[in-house]
């Protein structure tokens, strides 16, 4: 049974991660729809690589929450029931995620994963083994994530607009580099703080981010001068491409846990004590990251079609703003170890720049369609997982 469970679990996890990768790369590149000068094939590959890097370097923040923060599996002493419950949860997540990508709707697989684990946990041991305090925090984050992203998006857009009109022509561009510096600093701090003290993590992050931002400024200036085009317009093209890598990195860091978390629980259940936690986490994360890359390159374009201008028409400066505000929101979630929803963060950012420019720029119908999908998806996945767990534990 152990070998069969691992094989089935690995297949389902691989498919979940593939769909997740397609969703995430689609959300990242869909925001670049306003830039016509980019090489789409290269951008798909580069963003997929950055997404895998985020998953491998800081993916454990969210993965640990799935593994130890939703259902108390140590409370359940029947490994057979836990194994069947986990497989049922993963199959439920896969089915609903597959429906979403079939209809080209960017669903939140993080929320499906929480619903699936909750459903199987309740089916195995009622409500006693659920960490309800943590679950409440996670669900509450779903409500405030789009509001936080929307607020950051409006603030960045309005501040940039104000600086450009009050200052010199390149004042907005210089402010954009300040935003990029803080995004780089956040990424590096999350990486370094896992292995060194907070004090040293802050110092190293600030130093390296300063160097990288200055180098980026020099490189972008030279590229723009060679092309002899309008500085501001071309700058935001390059800036949007750069921040898309940061966005993909944040997506990978947040979403790898959707597949790696449940798979790690399965490995712990079947090989309790035989493998160290580091080995199990590394194996689950690496396996899921490979699937992320494959799914991103195969299916990502389907989600990009929905994000690419169907919610809010984008220009380079709004594309840049959306990516930054979404990245900052997702990094906050990763740092807190909360599996919220990058879909909600992205939708909030898109709505933010839309509302900042005026209500006429927001496609409310598409926005409501996406929101309805995740509202229905969570309880549906939870119910399906609960039913499949109950049936499987009785039959096997």
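Provide the packing ranking of 73-85, 209-221, 10-22, 248-260, i.e. peptides ordered by the mean count of other C-beta atoms within 10 Å per residue, highest first.
Values: 73-85: 18.4, 209-221: 14.5, 10-22: 23.9, 248-260: 31.2.
Order by mean packing, descending: 248-260, 10-22, 73-85, 209-221.
Could you work out how much longer the chain between residue 8 and residue 193 gets when fully extended? Use 0.36 nm per residue separation minus the Cα distance between them, nm to one decimal. Working shown, then result.
Values: separation 185, 0.36 × 185 = 66.60 nm, distance 3.55 nm.
Here the answer is 63.1 nm.
Given labels modelled 7 Å from the Cα in the Cβ direction, how far is it in nm from residue 387 to residue 223?
My value for the distance between the label points is 5.1 nm.
Ranking 125, 52 by Cβ neighbours within 10 Å, fewest first, what do you get?
Values: 125 19, 52 25.
Ordered from fewest to most neighbouring Cβ atoms within 10 Å, 125, 52 come out as 125, 52.
Coordinate-derived values only; no laboratory data. Computed from a predicted structure; not experimentally measured. No Cβ is skipped: glycine too gets one built from the backbone with ideal geometry, and neighbour counts run over all protein chains shown.
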